[in-house]
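The values are calculated or read from the model by the stated rules, or taken from the named source; none is laboratory data. Keep in mind that this is a model prediction, so the values were computed, not measured. Positions of Cβ are generated from backbone atoms using ideal geometry, with glycine treated the same way; all protein chains shown enter the neighbour counts. Just so you know, the surface numbers come from the protein's heavy atoms only, side chains and all, with ligands and any DNA or RNA stripped out. Shrake-Rupley method; radii C 1.70, N 1.55, O 1.52, S 1.80 Å.
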Amino acid sequence: MIYTSPYTHKVRKGSPTAAKKVRFKFHVVSHTHWDREWYASFQQYRLRLVRLTDRLIDLLERTPEFRFFVFDGQTIVLEDYLEIRPENRERLRNLIQAGRIEIGPWYVLPDEFLVSGESLIRNLIVGQRVGAPFGGVMKVGYSPDSFGHVAQLPQILRGFQIDNFIFTRGMGDEQDHLGTEFLWVAPDGSRVLAVNQFKSYCNGNQIGFETTQENAGESPRFDLVVDFFKQETQTLGALTKPGTDDTRHLLINNGCDHQEPQADMPRILAYANNVLQDSQVEQTTYSRYVHTLRRAGLSLSDWLGEIHSGKRHFILSGVLSSRVNLKQKNDAIETLLTYVAEPLGVLLGQLTGAENYAGFLQQAWKTLLKNHPHDSICGCSIDQVHRDMLPRFEEAQQIGRLALASSLDFLASRLRRERHASAVVVNTLAFARPGVVRSVLLVPPDTSLKEISLVDAEGKAVPTHVIKTRALYAQRGYALPEAFLRVSSQASSDVRPLDYAAKRAQLDVDIANHNLNVHTAQKPWKAVELEYLVEQAPAAGFRVYALHQQASPRLKEGVTVRGNVVENKFMRVKFAADGTFDLFHKATKKEYRRLNVLEDTADLGDEYDYSPALKDKSLWSRGQRGKLKITHRSPLAVEVEIAGTLRLPVNFDRKRKRRNARLVPCPVQWKFVITAVSPWVEVELKFENLAQDHRLRVHVPAPLSVQQTLAGQAFYTAPRPLKMPAAKDWMQAPSPTMPMQNFCAVEEARRGLAIFVNGLYEYEASKITGGVGLAITLLRAVGWLSRGDLATRRKHAGPFYATPEAQCLGAHTFHYAIMPYAGAAEKLNLANMAQAYRVPLFEEQCTGAGGNLSGQFALLHCEPAALTVTAIKRCEQRNTTIVRLFNASTERVRGHLVWGLPISHAWRVNLAEERLEEISVYSKARIELDFPAWRIVTIELESGRKIAGA
């Protein structure tokens, strides 16, 4: 019997009002999920955003019965809206402060596997900063549509005082015993209450209507309202946990992608409350819903590890390798900001009070974060969206490079100088490391170059090898040495060359443009291209090397070349003309054969997923002979280059269901670098992609007996079994390809093999004869945003739009390194080893009259090796320094951090940089550390010196 009018939320006189026993309580959250850019561009979606927000504000102001609305989990929508409607700032703020609208906590909703751990933290920091003037963000770890979740997310959320997590994608068979509510446990033991949106974040979209399209102006059908709640009771009721009062709490997500609020929700809920016999329905928010669950006394099970399966929802793992150029750009900029520009700024600010560029770098981060929404960084949008990402990348990179160049200029001009030409080598990583530095030094006319060696700040000569010497004559408009050293670069909008290759290229341009090789009456200066050994570059510090006219000391264990065999103290490598090589590892006496084979297969998939072709045969680079030559050799380093061609089918003929018989020759060029001090083979691969509808991978077989792989992840090394789950009746079967950040590895009892990567995120491990094979995806070339005919996915994952630029035609450059090792990865700290490969040593020639800085300095010293520093930066709110570390091991670690300058105070802070407790400082520099396994710790340091650049 119906006791309410469908046109009012009020109860009619005479209706039964006696309290009823509530078995099911429906928590209806009205919301929108706002993809900022996807199958339409940002500006196209902003038109809809402004219209939605205008109507939302009007609705909430005129209809107090419509109590709440959740504006997704991100605060960037506020900025996007208010740029167009600044006059509505106060109205919006009033509604947020009143709790009617909930925002945040993220700045953007990111993909977690394709951005760094530091990016996730900066995202939440910026989200809080943007939300603060409006009354703050919701303390809900809301991530409705990301394609899986990293294992350390519970700990990251806890670092922002968020004790819960609401999500849709990623559950596997574990949901059968976990249900929809469980405790998600990070590797360090941090726990959050996790709630899975079992039927997606759209399960209550357009209640009372037959379609899920917006039904503005139409009246709901109340029979459909009743049917909806009864159906949800049957589906969700069996999965939700009962509270101590036996009530089950069911989450109804009233909204979907770009969905406007359903304005008639108050009368729909009033009707349902009067009709449903054992249920209660209320409009609420995610914050209030979580609070209710906390008080309900649920009995919850634990889940430890990442969430990356596709039982109920597509996990879409092919996004790891779609539009790989975007991933490479993002990785390069994250590395530049996190591991180069920020620590160098702190170093100079601490030492000299110089500008640390913190404000500039905050702006770079904010710009970069705009490319981190899952539909953006995943490369699964229309072509226009990904074209729009490029200027954001360029802006963030330019800021980072300008900060780096200006900081190097400043440091090089403030060091104490002798009469010798000298250079400063800067290590921006937080651990000391060796390296071979290549340089272009400008030497005064009277300097003899018969015998030269670089001498470090302690007077020790280091092995030095001269590559090439060129005479330079000053010309009108090109004064020497100033023009060559570009000492005025801070006054220029251009970023001058920062590495050896760029400096050498610039020198060629300068010689041609200014006739620097034309003799004049003046004696010529000399541009000396050389390389030298840096035995241990100080941690987050620098060391000066001066050029002396004396014989270079011999290197005890240098690099040797015999034919096509290159050897250093770690390994012996034999190169073949097809780009493969055999490697003998001396410490473990293990040989690895036929490494670095390219494999190409058809890809009938889309931007979301790879899909193989039936009866397709892989094409291999093995046996495809190229031209091999040694392009550089010295006791310090050897370079081997191989030029060849990979002939690939021009595309896939979908009518004939096979790859096109016409082949196109795709040029391939490898460059391998082995130095005297590096335990890896560094690989640069240049590939000209002239083919469509294919996937290109590099294979690295390892003769090791293993049952699992190791993969880098945000603040974690994720172990993954080789055997995949049976996955019966999953929405999307498990993919053999898996995510990684910076490295992947396999190891047996006493040895292993690691692959370090730059901007590559997808690998596969499979059993092969005699061991295991690792395959790294270099690129996927596809032409569709989504298709409905994939072998790896049941149906569409998005609109059926053509995306020709996702074919990734043109020139590509890939960087990776292959390293065998002895012992266990945990003892070696592969996270640090990967960064040692990925982040170069920087070098700058000293300029001007010099200053009073000593010739070497280390900003910090941290022990033991398991303690991994991921950030050295200026504090967001205060004029202090933040140092973030994590324990990259499975055991508790006790150690210490020694700061290179006096510390007046130190605090342990959370990830939001809020102070938790003051900690003791010993001898004004030393802090004792005690870390549980995989724990992230953030420390705030106050120095006696004032840090400039606030």
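Just to check your reading of the model, which residue among Pro612, Pro635 is out of contact with any Phe, Trp or Tyr (no Cβ under 7 Å at 6 or more places or on another chain), over 30 Å from Gln732 (Cα atoms) and surrounded by 16 or more Cβ atoms within 10 Å (Cβ to Cβ)? Break it down stepwise before answering.
On the way: Pro612 fails: over 30 Å from Gln732 (Cα atoms).
Going through Pro612, Pro635 in turn, the sole match is Pro635.
If you take the residues of segment 826-852 that are open to solvent by 10 Å² or more (accessible area, probe 1.4 Å), within 21 Å of Trp680 (Cβ to Cβ) and modelled with pLDDT under 95, which of them is farthest from the chain's Cα centre (by Cα)?
Selected residue: Lys827.
So which residues in segment 52-62 are open to solvent by 30 Å² or more (accessible area, probe 1.4 Å) and either of a type in the set (A, V, I, L, M, F, W, C) or in contact (Cβ under 8 Å) with a residue 24 or more places away in the chain (or both)?
Answer for segment 52-62, where residues must be open to solvent by 30 Å² or more (accessible area, probe 1.4 Å) and either of a type in the set (A, V, I, L, M, F, W, C) or in contact (Cβ under 8 Å) with a residue 24 or more places away in the chain (or both): Asp54, Arg55, Glu61.
Looking at (1) under 25 Å from Cys378 (Cβ atoms); (2) free of Cβ contacts under 8 Å to residues at least 24 places away in the same chain, find the lone condition where Lys629 falls short.
Condition (1) is where Lys629 drops out.
Among the residues of segment 876-910 satisfying the criterion of being polar (S, T, N, Q) and outside any loop (DSSP other than H, G, I, E, B), which is surrounded by the fewest Cβ atoms within 10 Å (Cβ to Cβ)?
Ser904
Do we have any residue at all in segment 265-273 that's in the same structural domain as Ile101 (by TED's automatic domain parsing), in a helix (DSSP H, G or I) and under 23 Å from Pro154 (Cα atoms)? Before you say what the answer is, go through the steps one by one.
Within segment 265-273, the first condition is being in the same structural domain as Ile101 (by TED's automatic domain parsing), and the residues that meet it are 265-273.
Subsequent filtering for residues that are in a helix (DSSP H, G or I) retains 265-273.
Then keep just the ones that are under 23 Å from Pro154 (Cα atoms); that gives none.
Taking every residue of segment 265-273 in turn, none turns out to be in the same structural domain as Ile101 (by TED's automatic domain parsing), in a helix (DSSP H, G or I) and under 23 Å from Pro154 (Cα atoms).
Pick from segment 203-262 the residues that are of a type in the set (Ser, Thr, Tyr) and assigned to a helix (DSSP H, G or I): which of them is surrounded by the most Cβ atoms within 10 Å (Cβ to Cβ)?
Per the criteria, the residue is Thr233.
Return yes when His812 is within 30 Å of Phe314 (Cβ to Cβ) and open to solvent by less than 40 Å² (accessible area, probe 1.4 Å) and no when it is not.
In short, yes.
Go through segment 271-310 and report how many residues are in contact with a Gly (Cβ under 7 Å, 6 or more places away or on another chain) and either surrounded by fewer than 22 Cβ atoms within 10 Å (Cβ to Cβ) or on the phi > 0 side of the Ramachandran plot (or both).
Number of matching residues: 3.
Which of the following residues is surrounded by 21 or more Cβ atoms within 10 Å (Cβ to Cβ), at pLDDT 95 or above and more than 22 Å from Pro840 (Cα to Cα): Ala577, Ala587, Ala602, Ala537?
None of the other options fit; the residue is Ala602.
Need pairs with beta-carbon distance below 9 Å; first residue buried (at least 16 other Cβ atoms within 10 Å of the Cβ) and within segment 555-570, second in a strand (DSSP E or B) and charged (D, E, K, R); sequence gap 6+ or separate chains.
Correct list of pairs: Val559/Glu567; Val559/Arg633; Asn564/Lys574; Val566/Arg572; Val566/Lys574; Val566/Arg633.
Taking Thr645 as meeting all but one of (1) β-branched (Val, Ile, Thr); (2) touching a residue at least 24 places away in the same chain (Cβ under 8 Å); (3) touching a Pro at 6+ places or on another chain (Cβ under 6 Å); (4) farther than 21 Å from Phe756 by Cβ, write down the number of the exception.
Unmet condition: (2).
Do we have any residue at all in segment 922-930 that's under 26 Å from Leu710 (Cα atoms) and buried (at least 17 other Cβ atoms within 10 Å of the Cβ)? It would help to see each step written out before you state the result.
Initial filter on segment 922-930 (under 26 Å from Leu710 (Cα atoms)): 930.
Next, only the ones that are buried (at least 17 other Cβ atoms within 10 Å of the Cβ) stay: none.
Within segment 922-930 (the criterion being under 26 Å from Leu710 (Cα atoms) and buried (at least 17 other Cβ atoms within 10 Å of the Cβ)), the answer is no, since none of the residues qualifies.
Yes or no: segment 415-425 includes at least one residue that is touching a helix residue (DSSP H, G or I) at 6+ places or on another chain (Cβ under 8 Å), open to solvent by less than 10 Å² (accessible area, probe 1.4 Å), outside the structural domain of Trp784 (by TED's automatic domain parsing) and within 26 Å of Gly759 (Cα to Cα).
Checked segment 415-425: no residue is touching a helix residue (DSSP H, G or I) at 6+ places or on another chain (Cβ under 8 Å), open to solvent by less than 10 Å² (accessible area, probe 1.4 Å), outside the structural domain of Trp784 (by TED's automatic domain parsing) and within 26 Å of Gly759 (Cα to Cα).
Counting only residues that are more than 17 Å from Gly310 (Cβ to Cβ) and free of Cβ contacts under 8 Å to residues at least 40 places away in the same chain, which one in segment 724-764 is nearest to the chain's Cα centre (by Cα)?
Top of the filtered list is Met740.
Does Gly855 count as open to solvent by 30 Å² or more (accessible area, probe 1.4 Å) and more than 22 Å from Ala186 (Cβ to Cβ)?
Values: open to solvent by 30 Å² or more (accessible area, probe 1.4 Å): no; more than 22 Å from Ala186 (Cβ to Cβ): yes.
The answer is no for Gly855.
Would you confirm, using the coordinates I've provided, whether Asp188 is over 24 Å from Trp34 (Cα atoms), touching a residue at least 24 places away in the same chain (Cβ under 8 Å), of a type in the set (D, E, K, R) and open to solvent by 10 Å² or more (accessible area, probe 1.4 Å)?
yes
Of everything in segment 327-375 that's surrounded by fewer than 22 Cβ atoms within 10 Å (Cβ to Cβ) and among the hydrophobic types (A, V, I, L, M, F, W, C), which residue is modelled with the lowest pLDDT?
The extreme case among them is Ala354.
So, in segment 931-947, of the ones that are farther than 17 Å from Phe715 by Cβ and in contact with a Leu (Cβ under 7 Å, 6 or more places away or on another chain), which residue ends up surrounded by the fewest Cβ atoms within 10 Å (Cβ to Cβ)?
Ranking the qualifying residues of segment 931-947, first place goes to Arg945.
Among the listed residues Ala471, Ala483, identify the single one that is small (Gly, Ala, Ser), assigned to a strand (DSSP E or B) and either at pLDDT 90 or above or farther than 25 Å from Arg633 by Cβ (or both).
Going through Ala471, Ala483 in turn, the sole match is Ala471.
Does Phe542 meet the test of being surrounded by 17 or more Cβ atoms within 10 Å (Cβ to Cβ) and touching a Lys or Arg at 6+ places or on another chain (Cβ under 7 Å)?
Values: surrounded by 17 or more Cβ atoms within 10 Å (Cβ to Cβ): yes; touching a Lys or Arg at 6+ places or on another chain (Cβ under 7 Å): no.
Considered against the rule, which asks whether it is surrounded by 17 or more Cβ atoms within 10 Å (Cβ to Cβ) and touching a Lys or Arg at 6+ places or on another chain (Cβ under 7 Å), Phe542 comes out as no.
Please verify whether segment 674-681 includes one or more residues that are assigned to a strand (DSSP E or B), aromatic (Phe, Trp, Tyr) and touching a residue at least 24 places away in the same chain (Cβ under 8 Å).
Checked segment 674-681: no residue is assigned to a strand (DSSP E or B), aromatic (Phe, Trp, Tyr) and touching a residue at least 24 places away in the same chain (Cβ under 8 Å).
Could you pull out every one of the strands (runs of 3 or more DSSP E) wholly within segment 809-867 that has 3 or more residues that are not assigned by TED's automatic domain parsing to the domain that holds Gly895 and not hydrophobic (A, V, I, L, M, F, W, C)?
Answer list for segment 809-867: 810-822, 842-845.
Give me the pairs, please: first residue somewhere in segment 303-320 and closer than 20 Å to Glu764 by Cβ, second residue anywhere and open to solvent by less than 10 Å² (accessible area, probe 1.4 Å) and at pLDDT below 95, beta-carbon distance under 6 Å, and either six or more positions apart or on two chains.
none
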